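Input: a single structure, listed below in structure tokens.
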Amino acid sequence: MPDSLSPPRVTASSLCAKKAHGQKIAALTAYDCPTARLLDRAGIDIALVGDSVGTNVLGYRSEQQVTVADILHHSAAVRRGVERAFVLADMPFLSYHSTEAALTNAGRLIQEGGADGVKLEGGTPVLPQTEAMARAGIPVMGHLGFTPQSHGRDLYAFSEKRGTVARVQGRSAAEARWLLEEARRLQEAGVFALVLEMVAEEAAQVVSQALEIPTIGIGSGRHCDGQVLIAHDLLGFSGVTLRLAKAYAHLGEQAAQALGAYRHDVEQGAFPTDENVFHMEPGELAQLRQHLGPKS
Ligand code: KIV
């Protein structure tokens, strides 16, 4: 429950105000309560409960396997860890195929999952759903460029490893113009912000300058109004190096070393030590021994 000492909560309008004041927005994925707490402590504006939870945490092959129940579960955990950041829940594949489905599922993500807003992928095909949700008072973020629900994120990891960036959007003038038109349509339909994923930097700059709402880039260069990363990439958990990301830590390697050291210590009898154990009262032990008899 926020009190007078709690930091002011990030809202859709405070995010838009950041753009108006030329301040950048920092967003990061979070799928659990401890990560959400860390993210909030770091002053990150948006905790995105992305459908990337499927491939990063749940062991799914693609984003298409993620369900509303998955996002609800993880969104509620993130909500419990956050006081300030805006909790943004991804609408998973097939949860917004119709306006009715979009309203029902977005409503659940807000009311049961504790999300402050929702994000959905696509342009023209999702305009009716976007309009309906915005009209119902649900803060909606758009997502253009590379859209993993239709492309499959594993494809671009695959091509990136081989040095090509086959999934970058907006490299030609025609594609950049189309992206700009789609972005304008989404703004008109009521989105309060827009993710641009894997868009050529120049095209992302044009879109960002043309829109009143903020753009949040991932692999879309330096001129977006904010950036978003997948926490597992930032923390070096995923073991995959993507050009669009930066590993600020290498926790995966550290974790692997820690697990190996633990196994070694257990096998060698070096863990637990006296520091890790709990003893009986000496008098109680003497009583027990007496009860058990001379062979104990
Ligand atoms: O699911 C996700 O993590 C996302 C981000 C990459 C923007 O949609």
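Please treat every number below as a calculation from the coordinates, not as lab data. Bear in mind that the values here come from a model prediction, so they are computed numbers and not experimental data. All Cβ positions, even for glycine, are placed from backbone atoms using ideal geometry, and neighbour counts span all protein chains on display.
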Placing each pseudo-label 7 Å from Cα in the direction of the beta carbon, His279 and Ala255 end up separated by a distance in nanometres of 3.7 nm
Counted neighbours (other Cβ, 10 Å), sorted fewest up, put His97, His223, His21 in the order His21, His97, His223
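Starting from the range 8-37, pick out the trypsin sites (Lys or Arg not before Pro) whose DSSP state is loop and whose Cβ has at most 14 other Cβ atoms within 10 Å. Intermediate values should be presented prior to the final figure.
Details: sites: Arg9, Lys18, Lys19, Lys24, Arg37; in loops: Arg9, Lys24.
Within the range 8-37, the qualifying trypsin sites (Lys or Arg not before Pro) (loop, at most 14 other Cβ atoms within 10 Å) are Arg9, Lys24.
Counting alpha carbon pairs within less than 8 Å and at least 6 residues apart, what relative contact order, in whole percent, applies to the range 12-249? All intermediate terms of the calculation are to be shown ahead of the outcome.
Values: 498 pairs, mean separation 43.2, N = 238.
Averaging sequence separation for qualifying contacts and normalising by length gives 18 percent for the range 12-249.
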Per-residue ellipticity at 222 nm attributable to helices in the chain (runs of n ≥ 4 DSSP H, -39500 (n - 2.57) apiece, nearest 500 deg cm²/dmol) works out to -13000 deg cm²/dmol
In units of 2.2 N^0.38 Å, the Cα radius of gyration of the chain is 1.25
Sparse-neighbourhood loop hits (chymotrypsin sites (Phe, Trp or Tyr not before Pro), the range 183-282; DSSP loop; Cβ within 10 Å at most 15 others) -> Tyr248, Phe278
When the chain is treated as a Gaussian network with springs between alpha carbons less than 10 Å apart, the largest mean-square fluctuation among Gly269, Gly117, Gly236 is found at Gly269
Quick calc: nm separation of the 7 Å Cα→Cβ label points for Thr241 and Gln268 -> 3.1 nm
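Restricting to DSSP loop positions (anything but H, G, I, E, B) with no more than 10 other Cβ atoms inside 10 Å of their own Cβ, which trypsin sites (Lys or Arg not before Pro) remain in the range 198-272? Provide the component values of the computation, followed by the final result.
Numbers: sites: Arg222, Arg243, Lys246, Arg263; in loops: Arg222, Arg243, Lys246.
Sparse-neighbourhood loop trypsin sites (Lys or Arg not before Pro): Arg222.
So, counting K/R as plus one and D/E as minus one, what does the shell of residues with Cβ under 10 Å around Arg41 add up to? Kindly include the intermediate steps, with their values, before the conclusion.
Details: positive: Arg37, Arg84; negative: Asp40, Glu83.
Every neighbour counted, the sum reads 0.
What dipole magnitude, in Debye to the nearest 20, does the chain give about its Cα centre under +1 on Lys/Arg Cβ and -1 on Asp/Glu Cβ?
Values: 27 positive and 33 negative charges, 82 e Å.
Here the size comes out at about 400 debye.
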Rounded to whole angstrom, the alpha-carbon centroid of the range 229-264 lies from that of the range 61-81 at a distance of 22 Å
